[in-house]
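None of the figures in this text is laboratory data; all of them are computed from the coordinates on show. Just so you know, these numbers come straight off a predicted model, no measurement behind them. With ideal geometry, Cβ positions are generated from the backbone for all residues, glycine too; neighbour counts draw on all protein chains shown.
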């Protein structure tokens, strides 16, 4: 779950740093988010590969793997768009759009993974 939540947190931090005017720091955080998104995408794909042929969660694993892969591509686009202007006073619109798009793709699977791990623990705690 941590590998899926880390890119989301780093992308949110990127947007916050941009709002504060710290564009260079935001660029470096985005580069770290790219590495984290790639690890998350590979992890999601590994989870998909490990499932048996007709497992009940295979469709969900396919969606999560696709979202993670496309999210990593959008983080790459955002980092590439900012690469030329890392020291400028403004951020390219493509970089901001790609960052928000990556958040929209990576966020829901991270929340779903957190709920899948938290709900059984909460049920056990409430049953006591």
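Just to be sure I understand: if I project the alpha-carbon convex hull of the range 71-111 onto a plane and average over all orientations, what area do I get in nm²?
On the way: hull surface 11.1 nm².
Seen from a random direction, the Cα hull of the range 71-111 projects 2.8 nm² on average.
GNM on the chain, alpha-carbon springs under 10 angstrom: the most fluctuating residue among 71, 21, 57 is 57.
The order of 64, 50, going from fewest to most other C-beta atoms within 10 Å of their C-beta, is 50, 64.
Scan [x] -0.42, -0.78, -1.25, -1.52; [y] -0.76, -1.03, -1.23, -1.32; [z] -0.49, -0.75, -1.01, -1.14 for the value of log10 I(q)/I(0) by the Debye sum over Cα atoms at q = 0.12, 0.16, 0.20, 0.22 Å⁻¹ calculated from this model and give just the label. From the options [x] -0.42, -0.78, -1.25, -1.52; [y] -0.76, -1.03, -1.23, -1.32; [z] -0.49, -0.75, -1.01, -1.14, the structure gives [z]. A viscosity of 1.567 mPa s and a temperature of 4 °C, combined with the Kirkwood radius over Cα pairs in Stokes-Einstein, give a translational diffusion coefficient for the range 33-74 of 126 µm²/s.
A convex hull fitted around the alpha carbon atoms of the range 39-114 yields 88 Å³ per residue. Nearest 10 degrees is fine. How inclined is helix 93-127 to the longest principal axis of the chain, computing both from alpha carbons? For 93-127 against the chain, the angle is about 30 degrees. Between the helical axis of 58-83 and the dominant principal axis of the chain, each derived from Cα atoms, what acute angle in degrees is found, rounded to the nearest 10? It works out to around 10 degrees.
For the chain, adding -39500 (n - 2.57) for each run of n ≥ 4 DSSP H residues and dividing by the number of residues yields -30000 deg cm²/dmol at 222 nm.
Return 117, 14, 25 ranked ascending by Cβ neighbour count within 10 Å, so the fewest neighbours appear first.
117, 25, 14
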